[in-house]
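Some notes on the structure that comes next.
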Amino acid sequence: MHRSSEVKHVASYLNTRGCECFGQPCESHCPVLTDRTIHVQLKTFIKIRVKPDRTGVVTDGVKHSMNPFCEIAVEEAIKLKEKKLVKEVVAVSCGPQQVQETIRTALAMGADRGIHVEVSGKDYETLGPLQVSKIFAALAKKEQADLIILGKQAIDDDCNQTGQMIAALLDWPQGTFASEMTLEADKMKVVREVDGGLETIKIKLPAVVTADLRLNTPRYATLPNIMKAKKKKIANVKPADLGVDVCSRLEVLKVDEPPQRQAGVKVETVDDLVGKLKEAGRV
Amino acid sequence: MALRSVSRLLVNSQRCVLFTASRSQKTAAASPWDAEKSGEKKQVKTPKAQFNWRDALDLDGLLTEEEIMIRDSFRTYCQEKLMPRILMANRNEVFHREIVSEMGELGVLGPTIKGYGCAGTSYVAYGLIAREVERVDSGYRSVMSVQSSLVMHPINAYGTEEQKEKYLPRLARGEILGCFGLTEPNHGSDPGSMDTRAKYNPSSRTFTLTGSKTWITNSPVADICVVWAKCEDGKVRGFILERGMKGLSTPKIEGKFSLRASATGMIIMDEVEVPEENLLPKVSGLAGPFGCLNNARYGIAWGALGAAEFCFHAARQYTLDRIQFGVPLARNQLIQKKMADMLTEIAIGLQSCLQLGRLIDDKKAAPEMISMLKRNSCGKALDIARQARDMLGGNGIADEYHIIRHVMNLEAVNTYEGTHDIHALILGRAITGLQSFTVGK
């Protein structure tokens, strides 16, 4: 289709975070241009521990990997390229040195090149959706991306904000929670998984799409592709180069473990139960 | 969701750990309370080395980024796609031919070969791949080893360009499956005295092969067989036989209690006519098959430790979960001693395998090195598996806990590709200069 020559490239955002056992905040937070966020997922047996100073959780020595929704986003971008609907897939991640590993994984899956936006130390600890979306908006303009695909949310903070913010900053249309996306001429048809069911929308390119679970099943990186990934380029950029201030507007007051589960109470009869509920003011 | 799902583990015990660790590090620390207050600021200066029982000697730190990616990617495939199949495959003795095609798609068949649709990666990566497959099952790893080291390797090393073009890409994709015929019913450790004969017919430019091979992984379902036969000049040579050739049959061996997830059988040749183009011309004598076997043995050295690691981790988890006499089994000294032994052998074994892999990649490895590590890994892994089985008690004999399957499999792994004792003789000869394979010489 003639549109393919006009679609320059799909930028893939990779969110790399280290999370312990699903849902713990992690260190690196980088939206992937294609995959909104590749969450770093600590699948293994690492226990999540709150830091002694209660400013966050311990991420030292914790293995980081790509956010599952971001993986799905990368897969979708590569599928579009294989169908020759897009020319180039760029994988982007924001964070310290170790996010390069995640970008390499995206390259091994088939992305053409990577961009590593360097954010480290204190800046990285406070990096959130707002700063990331600003970085991506700036990059999208610089790279002249036609499509940005990201994971719908990071599994460490579950924000579900970056994609939407990017669209707002760029004033682009957005198709979030996509379980299906089809390029039709100059429009993207997106089937969205919403509470009420499935909603189908058509959005004009350039646009932002966030990937939901059922969009596709990400491929395993093949051995030859992993070896080819070595030769693909990862460019280094700083937020300042893009004119973005990564200073956070949020301050974490404290991080606590959830309260210990209290023992329950057994009652003999239904009347007792109702009585106890009334006592507790629940009925 | 992020913080809500924090499991309320161990703030206290964690504090103790941090506290102890920081204490032991700082000679200048005035009091425990100072150490705790200064907390992370001081710790950043002296990075403490944590002991990681999963990787006791930091093997990961010695791997390249690419090797780690290869290992991680393939580990994910093995755990997600192979592990779910193995219970029933082993119980019902079913070989899932599809796994060969799946592995072909991932590019892990014949990974060290350059060109012909193969990845051309390092021997260390091959070892890491073998370890991940065998972590699931030795039978699956046998299938992979045969395809890569015993079929693709001889064609690549000893074959003509036409043979390589004809077979290697299809073998790499898993489109066709191969097998390796050296062992005979009457000649196992002693392949040099094999009975299989190859007679050259100048009129038809074919070889006629007669004989039988046994204990051949993949043979019942293989598309091609790389068979080693003695020619009229008394030298052993390799031939590529294809299914469908008249006189060739590959019956399955029944009643196997090891490597049940892989199909094993015989290769019966009753005057099979093999065109001379199917001879592997670049090698003659036992150097041919031994070159292949060394290639496979290297993979097995890594692989056996993968099986051992699975058994160790499984036994650890079981003994942590199972409570007897009011405490987890892991609280007991005998149990901990067994795990300490397992941890040590695995960590040391892996380091030696890595060194061997690097030597092979630098073309500085001798066959005796490979013998030494194949023997060590298999012997130690079998021991670890047996101990682990014991630690699981009665549950240890149930295939749902997987360890007994590894115990059964490792019996074969310890025996094939050169028995434990034979490798000892190879090393003995290297040490003393005196061979002890035969008597009266």
Do we have any residue at all in segment A:217-236 that's part of a loop (DSSP other than H, G, I, E, B), touching a residue at least 12 places away in the same chain (Cβ under 8 Å) and over 30 Å from residue B:129 (Cβ atoms)?
no
Name the residue, out of B:219, B:149, that is of a type in the set (S, T, N, Q), at pLDDT 95 or above, under 30 Å from residue B:409 (Cα atoms) and assigned by the TED database to the domain that holds residue B:87.
B:149
Residue check: is residue B:199 assigned to a strand (DSSP E or B), of a type in the set (Lys, Arg) and surrounded by 21 or more Cβ atoms within 10 Å (Cβ to Cβ)?
no
Do you know which residues across segment A:253-267 are loosely packed, with under 10 Cβ neighbours inside 10 Å and β-branched (Val, Ile, Thr)?
A:265
Top-ranked residue of segment B:375-432 - restricted to ones that are more than 27 Å from residue B:181 (Cα to Cα), of a type in the set (S, T, N, Q) and in contact with a helix residue (DSSP H, G or I) (Cβ under 9 Å, 6 or more places away or on another chain), ranked as surrounded by the most Cβ atoms within 10 Å (Cβ to Cβ):
B:387
Where a residue in segment A:186-211 is within 18 Å of residue A:161 (Cβ to Cβ) and its partner, wherever it lies, is loosely packed, with under 11 Cβ neighbours inside 10 Å and aromatic (Phe, Trp, Tyr), with Cβ under 8 Å and at least six apart:
none
In the set B:246, B:256, which member is outside any helix (DSSP H, G or I), of a type in the set (Lys, Arg) and out of contact with any helix residue (DSSP H, G or I) (no Cβ under 9 Å at 6 or more places or on another chain)?
B:246
Quick check on residue B:418: is it closer than 28 Å to residue B:264 by Cα and either assigned by the TED database to the domain that holds residue B:121 or in contact with a Lys or Arg (Cβ under 7 Å, 6 or more places away or on another chain) (or both)?
yes
Quickly run through segment B:50-69 and pick out the residues that are away from chain A (no Cβ under 11 Å) and in a helix (DSSP H, G or I).
B:61, B:62
Between a first residue in segment B:362-387 that is under 13 Å from residue B:418 (Cβ atoms) and at pLDDT 95 or above and a second residue that is β-branched (Val, Ile, Thr) and surrounded by fewer than 22 Cβ atoms within 10 Å (Cβ to Cβ), which pairs have beta carbons less than 7 Å apart while being 6 or more apart in sequence or on different chains?
B:368/B:426; B:371/B:426
Are there any pairs with C-beta distances below 7 angstrom linking a residue in segment B:78-90 that is among the basic types (Lys, Arg) to a residue that is surrounded by 15 or more Cβ atoms within 10 Å (Cβ to Cβ), with the two at least 6 apart or on different chains, and if so which?
B:81/B:102; B:85/B:96
The residue that is nearest to the chain's Cα centre (by Cα), considering only those in segment A:269-283 that are in a helix (DSSP H, G or I) and aliphatic (A, V, I, L, M), is A:277
For segment B:88-136, which residues satisfy the criterion of being farther than 30 Å from residue B:362 by Cα, among the acidic types (Asp, Glu) and more than 10 Å from chain A (Cβ to nearest Cβ)?
B:93, B:98
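The values are calculated or read from the model by the stated rules, or taken from the named source; none is laboratory data. No experiment lies behind these values; they were computed from the predicted model shown. A quick note on method: Cβ atoms are made from the backbone with ideal geometry, for glycine too, and the neighbour counts reach across all protein chains shown.
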